[in-house]
Structure formats: C-alpha cells, structure tokens
Amino acid sequence: LGIAVINLHGGPKSLAKQQLSPPLEALWRDGCDIVDLNYRGSAGFGRDFRGRINGAWGVIDVEDCIAAIDGLIEKGLARAGRIVLRGSSAGAFTLLHVLAKDSRLAGGVAYAAVTDLRALGRGTHKYESGYLKTLIGADNLTAPLFEQRSPISNVRNIRTPVLFLHGGNDAVSPVNGVMHMAGLLKDNGTRCETCILDGEGHNFSSSEALQTAHKAERQFIRSLMSTD
C-alpha cells in the first residue's frame, strides 16, 4: 500500500512491546510500514520519563506523535497524505488530538476511543479516578481543563477520515459519546465510519469481535489509498 501506520498504545502509561501483534502483522503483510511509538509517559524508560505526562496528557503525547510524523517525512520514510494513525483507548484519545492539529494524515483508526474526559471520569473504575485527575492536572471534573482536553471539543478541526471501532457495552468510554462525535464529524463534512460491536466492553474479548474489527480496519486503510 505504500503507507506508514503509527500505532499509539493505550494506558497512557503503557508501552509499545516487542512482541507479536497479529493486527500489526496483518497490516505489514498488506504492505504498510509500522511505527510503534513510545511517547513521553510510556513505561519502560524510567520514572522521570513516565511521569512527564502527569498534568500534560493530551499535550506532550500529541507533540511526540507529531514529531514522529515530522521525522518520518524529513527522512523520506513516509510521505504526507500516506500516514495513518491507529490507537486504542488512551491511544485513540491522542490520535484524535493529532488529527485536529495535523493535516498531513490520510486517516485515523480509533479503537475504544476516549472522546469526553468528563464522561471518562464518571465511568472509569474507582481506582483510576484519581489517576485521571493526575494525568490532566485538575482536581475536579468540572475544571475547564477536562473540557479543553477532550477530543470532542476540537471536532471542528478534524478533516481527516476516521474509523471508530467501539464496544456496545463499553462502560469506561460509553458508546454514545463516540456516536455523538461521529455525528458531529459527519455534520462537518468529514468522512467518518463506525463499527459498533454489540456485547463488547472497553477491551474486545471475543475472537469474532476482534476479527470483525481488524477486517474493518484493513478495509478502511485500503479505501484511503484507493482514493489517493
């Protein structure tokens, strides 16, 4: 396909692991170049590196992704208009912010996307509620930062095609938030597709759901290239 796919891990304090990933391997076999990005805040590089994202989620992770795009293009490893972002949960959150800031991308594939931080704060596990406040740098869900850092607040700036893949029973990031953002994107004239997997939660568990999602992702990426 002659396209570069940048994968953004979730967490956000997780990491891109050096292990087999069937969906990434499938994209590689389709002819995509794969970049698995460890942005600031990722685990595995020391406490200081991991802690840099505290109070800066939706800022430094976005900066690092855009820097990766810059580097790929400057080094001739990818071309503007032939780069796709993919990410799950926190990775999809970062992805949506990047799409609002960078017009050089061909598309974005968002698994279990976090679109509204206030909804996330109300729905996430109790043991993670304080973690979210640490990531944003605000003590209360009513603080303006929670709205400002929510991808749905920047929906008018997204012109790049997006595919949302979401569990119908996602209690962490409710599906109605994704459907609302998808509707706004379409109203704005942005190509947006949704694949809602009934019975699935925040992490897809059944092999059937995973196969359906990965097939939809590959078809979406191929369609982006067919319009090039």
Which of the residues that make up the stretch 13-39 are open to solvent by 60 Å² or more (accessible area, probe 1.4 Å) and of a type in the set (K, R)?
-> K17, R29
Could you list, in sequence order, the residues of the stretch 100-125 that are closer than 13 Å to S150 by Cα and not in a loop (DSSP other than H, G, I, E, B)?
-> A100, L117, R118, A119, L120, G121
Conditions (1) more than 30 Å from E147 (Cβ to Cβ); (2) surrounded by 15 or more Cβ atoms within 10 Å (Cβ to Cβ); (3) modelled with pLDDT under 95 -> G10 fails only (1)
Residue pairs within 6 Å by beta carbon, gap of at least six or interchain, first lying in the stretch 39-61 and within 14 Å of L145 (Cβ to Cβ), second surrounded by fewer than 18 Cβ atoms within 10 Å (Cβ to Cβ) and of a type outside the set (V, I, T), listed first then second, are G55/G137
Close pairs from the stretch 82-108: first more than 13 Å from E217 (Cβ to Cβ) and open to solvent by less than 10 Å² (accessible area, probe 1.4 Å), partner assigned to a strand (DSSP E or B) and among the polar types (S, T, N, Q), Cβ under 8 Å, at least 6 apart = G91/N7
Pair list, Cβ < 9 Å and 6+ apart or interchain, from the stretch 66-80 residues that are open to solvent by 50 Å² or more (accessible area, probe 1.4 Å) to residues that are outside any loop (DSSP other than H, G, I, E, B) and charged (D, E, K, R) = L77/D33
How many of the residues making up the stretch 147-172 are under 22 Å from A56 (Cα atoms), hydrophobic (A, V, I, L, M, F, W, C) and assigned to a loop (DSSP other than H, G, I, E, B)?
-> 2
With (1) in contact (Cβ under 8 Å) with a residue 12 or more places away in the chain; (2) open to solvent by less than 40 Å² (accessible area, probe 1.4 Å); (3) of a type in the set (G, A, S) as the list, and G137 as the residue in question, which single condition is left unmet?
-> (2)
Would you check which residues across the stretch 176-228 are under 19 Å from the mean Cα position of the chain (by Cα), modelled with pLDDT under 95, among the hydrophobic types (A, V, I, L, M, F, W, C) and open to solvent by 20 Å² or more (accessible area, probe 1.4 Å) and list them?
-> F204, L210
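The values are calculated or read from the model by the stated rules, or taken from the named source; none is laboratory data. Since this is a predicted model, take the numbers as computed values, not measurements. Positions of Cβ are generated from backbone atoms using ideal geometry, with glycine treated the same way; all protein chains shown enter the neighbour counts. Remember, those area values only see protein heavy atoms, side chains included, never the ligands or the DNA or RNA. Shrake-Rupley method; radii C 1.70, N 1.55, O 1.52, S 1.80 Å.
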